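Reading through the structure tokens given below for one structure.
The values are calculated or read from the model by the stated rules, or taken from the named source; none is laboratory data. As the structure is a computational prediction, the values presented were derived from the model and not from experiment. Note: ideal-geometry Cβ built from the backbone for every residue, glycine included; neighbour counts use all protein chains shown.
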Amino acid sequence: MAGTIAFRTGSASSGAAGRPAITEPAPVRWALIGVSLSFLGLFLLIPLAGVFVEAFRKGAGAFFAALRDPAALAAVKLTLLVAAIAVPVNCVFGLAASWAIAKFNFVGKNLLITLIDLPFAVSPVISGLIYILVYGLHGWLGPFLSAHDIEIIFAVPGIVLATLFVTFPFVAREVIPLMQVQGNDDEEAAITLGAGGLQTFFRVTLPNVKWAVLYGVILCNARAMGEFGAVSVVSGHIRGKTSTMPLHVEILYNEYNFVAAFAVASLLALLALATLALKSFVEWRSRRPFAEAPDAAVLEDLSHEH
Amino acid sequence: MRLRIKQPSVLPGFGLTLGFTLLYLSAIVLIPLAALFLKSAGMGWSSFWATVTSPRVVAAYKLSFGAAAIGALINAVFGFVVAWSLVRYSFPGKRIVDAMVDLPFALPTAVSGIALTTLYSRNGWIGQYLEPLGIQAAFSPLGVTIALTFIGLPFVVRTLQPALEDLDPDMEEAAASLGASRWRTLRRVILPTVLPSLLTGFALAFARALGEYGSVVFISGNMPMRTEIAPLLIVAKLEQYDYAGATAIAVVMLLISFAILLAINVIQWVASRHRIGG
């Protein structure tokens, strides 16, 4: 349901500036800004600050000791591994789906777009549950898997599958609309000039959508590293083995080891801040209109090669 | 005449990319979701009904719906003020504030969960001021509402911002020159125009809050009949190896989510028809 974080390429100008008839008197203005900042301060800033204050409650020594704990390191490693699988796979899927949907007209296209968005409408807990029903001991493939000694549920493959599910739409939903707006003219020109399919994709299409891809990858990565509900259901919570960072935070918190819990949580909070910064940067870059119009130069290039 | 599935094109790769898309979509999304519905179909109507109408499940649904609705309502009101301030006014630090609105999307839910619990517990930064007033925030339905407000915060702001940016200033100027006060212009000109976006934002925040798990489990205290939300009950059933029970609760939640999704699409469709019609 992260449907609303999408590219906002429109200009931010309101047009109301300098038109006194359609703005509010200064006291009203400042009151509204004050209400906004208080609301955001109460709900966003204080919880965020709380994470770091709690992490350092017993000093920097306790903080770093908590991060050096072998179980914490194992959780960091597992989180990086899961993201390193889920993000590239969903990126390749997103690009393939965008190519098929944006460049061709076929029956059932709108249904396909709706189905790609489906994982956002599913509760994280249900996202884990469905994999238990397929791969769990009493699931469809359970007897086969246990006969062949393959562990999926309560093991790393299950965590990867659940993460693939919850991060499924991120890249596709950013790239599809942009490719649709850009149309087929550039690609058709490249093919007509004799470029191959892959060459066209990598030299014409990909440069045109690179910011949208990057935007989707940033959001996909944040969710892949931070997912809790879906992963929690399929992980089995084996400390040092099937605990990702968010799950490790839960284990520590439930053991009343608050400093360690918040120390690991503060790493995830830093990841969130980095995500927001990168996201704003990409929004700012992609808003610069036709910054580096690649088409003309690349097309000329291609025509020379043949 | 031959039925054409696909219009002809000079571009290559249609079969490959669509084939991969459908294969991957089926493996990751469609087949596992189908397993959920088949599993619930296999348990029989009477036991399905008995599960989803048992008092503990009904109490969980009520809490999930009530807290999600209140959270979405708070977000609709304050989200409007925030979006308005960000679009119409300039103030120091506005860009950072704008970027921060997405924090609930970016912050892992387990982190927001333990942070909110610590803040609102009896000796927390905020909880210590609520305690003398006789208000227990953490481990109560109020705590659940706070967490669900946090998690839905970006939706209303992010759906309203583009709508407010697109408002035609001439309309407001016309209203002002015809003698309408600012308040009246807001009610009669601005609100009707951005209402579809406001409703969409509300519905998205509500839907997200209904399914939320991570940020709620810590602050709710998970007391059956009192602070147990529906997703938590699914986990509880799973821990008792009651797969059929977990599936039944999940199917009801999923159908409700799909209904909300449909409602959002209807809102958008009606709104776009209005724009074209006049």
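The set of residues in the stretch B:1-40 being surrounded by 12 or more Cβ atoms within 10 Å (Cβ to Cβ), more than 31 Å from the chain's Cα centre (by Cα), more than 7 Å from chain A (Cβ to nearest Cβ) and hydrophobic (A, V, I, L, M, F, W, C) consists of B:L16 alone. The single condition among (1) surrounded by fewer than 18 Cβ atoms within 10 Å (Cβ to Cβ); (2) part of a loop (DSSP other than H, G, I, E, B) that B:A263 does not meet is (2).
Just give me the residues in the stretch A:185-217 being at the interface with chain B (Cβ under 9 Å from one of its Cβ atoms) and either part of a helix (DSSP H, G or I) or surrounded by 17 or more Cβ atoms within 10 Å (Cβ to Cβ) (or both), in sequence order. Give the steps one after another, and end with the answer.
Let us first name the residues in the stretch A:185-217 that are at the interface with chain B (Cβ under 9 Å from one of its Cβ atoms), namely A:187-188, A:191-192, A:196-198, A:200-201.
Listed by number, the residues that qualify are A:E187, A:E188, A:I191, A:T192, A:G197, A:L198, A:T200, A:F201.
All conditions in (1) over 22 Å from A:K279 (Cβ atoms); (2) assigned to a loop (DSSP other than H, G, I, E, B) hold for A:F168, with the sole exception of (1).
Annotation note: of A:P47, A:P88, the sole residue that is free of Cβ contacts under 8 Å to residues at least 40 places away in the same chain and either touching a strand residue (DSSP E or B) at 6+ places or on another chain (Cβ under 8 Å) or at the interface with chain B (Cβ under 8 Å from one of its Cβ atoms) (or both) is A:P47. Of note, A:H248 satisfies the criterion of being out of contact with any His (no Cβ under 7 Å at 6 or more places or on another chain), modelled with pLDDT of 95 or more and under 22 Å from B:G113 (Cα atoms). For the stretch A:154-169, the candidate set comprises residues that are among the hydrophobic types (A, V, I, L, M, F, W, C) and away from chain B (no Cβ under 11 Å); within that set, the residue that is surrounded by the most Cβ atoms within 10 Å (Cβ to Cβ) is A:I159. When the stretch A:96-126 is filtered for residues that are more than 8 Å from chain B (Cβ to nearest Cβ) and hydroxyl-bearing (S, T, Y), the ones remaining, listed by number, are A:S98, A:T114. Could you check, for the stretch B:136-151, whether at least one of its residues is touching a helix residue (DSSP H, G or I) at 6+ places or on another chain (Cβ under 9 Å) and over 28 Å from B:K62 (Cα atoms)? No; the residues of the stretch B:136-151 include none that is touching a helix residue (DSSP H, G or I) at 6+ places or on another chain (Cβ under 9 Å) and over 28 Å from B:K62 (Cα atoms).
Given the structure, is B:A59 within 22 Å of B:T227 (Cα to Cα), among the small types (G, A, S) and away from chain A (no Cβ under 12 Å)? Break it down stepwise before answering.
Working: within 22 Å of B:T227 (Cα to Cα): yes; among the small types (G, A, S): yes; away from chain A (no Cβ under 12 Å): yes.
Taking the combined requirement at face value, the residue satisfies it.
Pairing residues of the stretch B:118-131 that are without any contact (Cβ under 8 Å) to a residue 60 or more places away in the chain with residues that are in a loop (DSSP other than H, G, I, E, B) and of a type in the set (S, T, Y), at Cβ distances under 7 Å and at least 6 apart in sequence or on separate chains, gives B:G127/B:S121.
Within the bounds of the stretch B:68-78, is there any residue that is more than 30 Å from A:V28 (Cβ to Cβ) and either facing another protein chain (nearest Cβ under 7 Å) or surrounded by fewer than 20 Cβ atoms within 10 Å (Cβ to Cβ) (or both)?
Looking only at the stretch B:68-78, we keep the residues that are more than 30 Å from A:V28 (Cβ to Cβ), and these are B:68.
Next, only the ones that are either facing another protein chain (nearest Cβ under 7 Å) or surrounded by fewer than 20 Cβ atoms within 10 Å (Cβ to Cβ) (or both) stay: none.
Scanning the stretch B:68-78 turns up no residue that is more than 30 Å from A:V28 (Cβ to Cβ) and either facing another protein chain (nearest Cβ under 7 Å) or surrounded by fewer than 20 Cβ atoms within 10 Å (Cβ to Cβ) (or both).
Any residue that is more than 7 Å from chain A (Cβ to nearest Cβ), part of a helix (DSSP H, G or I) and either buried (at least 24 other Cβ atoms within 10 Å of the Cβ) or under 21 Å from the mean Cα position of the chain (by Cα) (or both) - is there at least one of those in the stretch B:41-56? No, because not a single residue in the stretch B:41-56 is more than 7 Å from chain A (Cβ to nearest Cβ), part of a helix (DSSP H, G or I) and either buried (at least 24 other Cβ atoms within 10 Å of the Cβ) or under 21 Å from the mean Cα position of the chain (by Cα) (or both). The set of residues in the stretch B:121-167 that are buried (at least 20 other Cβ atoms within 10 Å of the Cβ), of a type in the set (F, W, Y) and more than 18 Å from the chain's Cα centre (by Cα) contains only B:F139. The set of residues in the stretch B:233-245 being surrounded by 21 or more Cβ atoms within 10 Å (Cβ to Cβ) and more than 8 Å from chain A (Cβ to nearest Cβ) consists of B:L233, B:K237, B:G245.
For the stretch B:210-228, the tally of residues that are hydrophobic (A, V, I, L, M, F, W, C), more than 17 Å from B:I114 (Cα to Cα) and surrounded by 24 or more Cβ atoms within 10 Å (Cβ to Cβ) stands at 1. Within the stretch B:87-120, restricting attention to residues that are loosely packed, with under 15 Cβ neighbours inside 10 Å and not basic (K, R), the residue that is nearest to the other protein chains (Cβ to nearest Cβ) is B:F91. Scanning the stretch A:25-44 for residues that are more than 9 Å from chain B (Cβ to nearest Cβ) and either touching a strand residue (DSSP E or B) at 6+ places or on another chain (Cβ under 6 Å) or not small (G, A, S) (or both) yields one hit, A:P27.
Conditions tested, residue by residue: (1) of a type in the set (D, E, K, R); (2) farther than 10 Å from A:A263 by Cβ; (3) modelled with pLDDT of 95 or more.
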site: A:V28; (1), (2), (3): no, yes, no
site: A:I33; (1), (2), (3): no, yes, yes
site: A:S36; (1), (2), (3): no, yes, yes
site: A:L40; (1), (2), (3): no, yes, yes
site: A:L44; (1), (2), (3): no, yes, yes
site: A:A55; (1), (2), (3): no, no, yes
site: A:F63; (1), (2), (3): no, no, yes
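Listed by first and then second residue, the pairs linking a residue in the stretch A:229-244 that is more than 18 Å from A:I130 (Cβ to Cβ) to a residue that is of a type in the set (F, W, Y) and part of a loop (DSSP other than H, G, I, E, B), with Cβ atoms under 8 Å apart and 6 or more places separating them unless they lie on different chains, are A:I238/A:F154; A:T242/A:F154. Here B:I260 fulfils each of the conditions (1) at the interface with chain A (Cβ under 10 Å from one of its Cβ atoms); (2) over 26 Å from B:S215 (Cα atoms) apart from (2).
A:F93 passes every criterion in (1) crowded, with 22+ Cβ neighbours inside 10 Å; (2) farther than 23 Å from B:G13 by Cβ; (3) facing chain B (nearest Cβ under 7 Å) apart from (2). Checked against (1) out of contact with any Ser or Thr (no Cβ under 7 Å at 6 or more places or on another chain); (2) modelled with pLDDT of 95 or more; (3) buried (at least 18 other Cβ atoms within 10 Å of the Cβ); (4) facing another protein chain (nearest Cβ under 9 Å), A:G136 meets all criteria but (2).
You will find that of B:A180, B:A175, B:A138, B:A163, the residue that is under 22 Å from A:S38 (Cβ atoms) and small (G, A, S) is B:A138 and no other.
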